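Take a look at the structure set out below.
The values are calculated or read from the model by the stated rules, or taken from the named source; none is laboratory data. The shown structure was predicted, so the numbers you read here are calculated from the model rather than taken from an experiment. Neighbour counts are summed over all protein chains in view; Cβ atoms, including those assigned to glycine, are modelled from backbone coordinates with ideal geometry. Remember, those area values only see protein heavy atoms, side chains included, never the ligands or the DNA or RNA. Shrake-Rupley method; radii C 1.70, N 1.55, O 1.52, S 1.80 Å.
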Amino acid sequence: MITSYLKYLLTRKSEYKIHSPFVFDFMTKVVNDKGSNADYESIMRISRLLDGKKHSNYRRRKMSRLLYRMVRYFEPESVVSFGSLSAMNTTALALGNLQTRVYLEESTDFLESMNSMGIINVSLIQPAEFDSEKFKQLNTGFVLFGQDSFEDTTWDYLVDCLSHKTSESVFIFEGIHHNRDMEDAWESLQENDNVSLSIDLYEIGLVFFKLGFEKQDFVLKY
């Protein structure tokens, strides 16, 4: 959406205009970290082997590295991903912290392919499990909603995740400006009473539930 992107360009802020210590730290250590990392090469190598593509576009690489840095930064006990997830992004989430267990809505074949590449901190979670004690114990510390996951059932999952979130939880939403419906959904999330902080990076949106934070919405340069 051209209009929404132009609006993003006009309203986004750099770290130098951020007065929140938490957001400034996240911006400098995660969003703007341009340093090299050996794991980036592993992410590319594994994704090439599993996707069968020799090259990937800059946008996909940039996103996978951001996901990697977010897991490394937040160190969640678990990552729960709704919707399809590429081998590149799965590898990025898994390598971000080897102690983090990544739960996916994917096929057994996909899981076996990841395991064959040495990515072993990945598990499958089935829709029937979302109401189970196992799911409730995942801590819902880091939840990723893929762009293709926004259906009525996914909103039910979101309600469940909100009921189990903690002050340290972070929920990530892909494609928040993909169309008008997605933008409406994002604005609704920002207005949710549980959300104390939102960050719009255009490609994705993040919401936090930190106690003691004055409710703020940030549009950041990415």
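Brief remarks on what is shown
- Candidates per GluC sites (Glu not before Pro) in region 141-222, loop by DSSP, up to 12 other Cβ within 10 Å: Glu151, Glu191, Glu214
- Taken about its Cα centre, the chain carries a charge dipole of roughly 1360 debye when the Cβ of each Lys and Arg holds +1 and the Cβ of each Asp and Glu holds -1.
- Cα gyration tensor category, rounded, prolate or oblate, for region 1-54 with a/c compared to 1.5: oblate
- Sparsely packed loop sites in region 43-130 (the trypsin sites (Lys or Arg not before Pro) outside DSSP H, G, I, E and B with at most 16 other Cβ atoms within 10 Å) comprise Lys53, Lys54.
- Taking the helices alone, the chain has a mean residue ellipticity at 222 nm of -12500 deg cm²/dmol, built from -39,500 (n - 2.57) per DSSP H run of at least 4 residues and averaged over all its residues.
- All-pairs alpha carbon distance profile, the chain, 5 Å steps from 0, percent: 1, 6, 15, 19, 21, 18, 12, 6, 2, 0
- Largest first, the three principal axis extents of the alpha carbons in region 54-100 are 32, 21, 14 Å in whole numbers.
- Binning the C-alpha pair distances of region 1-122 at 10 Å intervals from 0 yields a P(r) profile of 12, 38, 32, 16, 2 %, listed from the shortest bin outward.
- Alpha-carbon radius of gyration plus Dmax, which is the widest Cα pair, for region 162-222 in Å: 11.2, 33
- Accessible-area rank, largest first, for Ser163, Ser198: Ser163, Ser198, with all protein chains present and a 1.4 angstrom probe.
- Ranked by solvent-accessible area (1.4 Å probe, protein heavy atoms only, all chains present), the residues Ser47, Ser116, Ser36 order from largest to smallest as Ser36, Ser116, Ser47.
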